[in-house]
1. Would you pull out the residues with amide H under 5 Å of Phe79's amide H, same chain only if 5 or more places away, H placed 1.01 Å from N?
2. Output the Kirkwood hydrodynamic radius of the range 113-190, Cα pairs only, in Å rounded to one decimal.
3. How much accessible surface does His164 have with a 1.4 Å probe, in Å² rounded to 10?
4. Over the chain, average the accessible area per residue using a 1.4 Å probe and give it in Å², no decimals.
5. Kirkwood Rh over Cα pairs of the range 68-156 into Stokes-Einstein at 10 °C, 1.306 mPa s: D in µm²/s?
6. From the phi of every residue in the range 147-152, what ³J(HN,Hα) in whole Hz does the Karplus formula 6.51 cos²θ - 1.76 cosθ + 1.60 yield, where θ is phi - 60° and glycine or proline is x?
7. From largest accessible area down, sort Ile117, Ile65; use a 1.4 Å probe on the protein chains.
8. Going by amide H atoms built from the backbone, whose H comes under 5 Å of the H on Leu169, apart from near neighbours?
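The values are calculated or read from the model by the stated rules, or taken from the named source; none is laboratory data. Given the structure is predicted, the values throughout are model-derived calculations rather than measurements. Reconstructed Cβ throughout: ideal geometry from the backbone, glycine too, with neighbour counts over all protein chains shown. Surface accessibility is based on the protein's heavy atoms, side chains included, excluding ligands, DNA and RNA. Shrake-Rupley method; radii C 1.70, N 1.55, O 1.52, S 1.80 Å.
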Amino acid sequence: MNIILLGPPGAGKGTQAARLVEARGMVQLSTGDMLREAQASGTEMGKIVAEVMAKGQLVTDEIVIGLIREKLAQGGSGFIFDGFPRTLAQADALAALMDETGQSIHAAIELQVNDEILVDRIVGRAEQARAAGQPVRADDNAESLKTRLMAYYKQTSPLIGYYHAKGLLRGVDGLADIHTVEAQIAAILD
């Protein structure tokens with residue numbers, strides 16, 4: 001089963017993807033992780049990624065699709081797309097790749113959240129980490145999160161309509177506790 005996790009920054013996509021990897025043996029395809037892995041690999045694709053990133057340029061959709069193609073070829077017991085697609089063009093490219101490889105997306109799961117509560121949650125989490133002497137992400141503050149949310153709504157939120165039109169969109173309460181969200185996702189997958 002191949003799924004896409006949708007939702008704004010801080011909604012818990014990475015947390016839920018990790019739980020699915022552990023519970024179901026699925027393979028998490030996180031764009032950032034794949035880019036870092038490719039950069040360090042020394043492969044042809046890795047050299048291209050390293051060169052683009054060294055110049056401070058954005059990695060093209062074609063490169064990301066190439067990395068995903070490599071991961072799909074390695075096989076697995078289902079893939080979780082986390083952080084990709086981010087745009088309608090990427091969604092179309094992913095659909096074409098899945099068709100090309102004889103695979104499909106079975107569900108696009110939206111972690112639905114209230115932005116104000118999400119900002120409060122992220123800021124609170126950062127304050128707790130700071131108080132405990134733990135590292136805090138540089139962008140875990142209200143202003144950075146609001147900027148990231150604006151980018152999400154401009155670029156990524158149109159995917160909600162895209163996957164709804166394809167009959168693949170399923171929603172879960174992203175503000176529920178971790179175990180409840182996990183149970184809601186499990187119900188969709190089962």
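1. Correct list: Asn2, Ile3, Val27.
2. This gives a value of 14.6 Å.
3. Per-residue accessible area (His164): approximately 130 Å².
4. 53
5. Approximately 101 µm²/s, per Stokes-Einstein.
6. With the stated coefficients, the range 147-152 comes to 5, 5, 5, 4, 4, 4 Hz.
7. Reading off the accessible areas and sorting them downward yields Ile117, Ile65.
8. Placed amide hydrogens put Ala108, His164 under 5 Å from Leu169.
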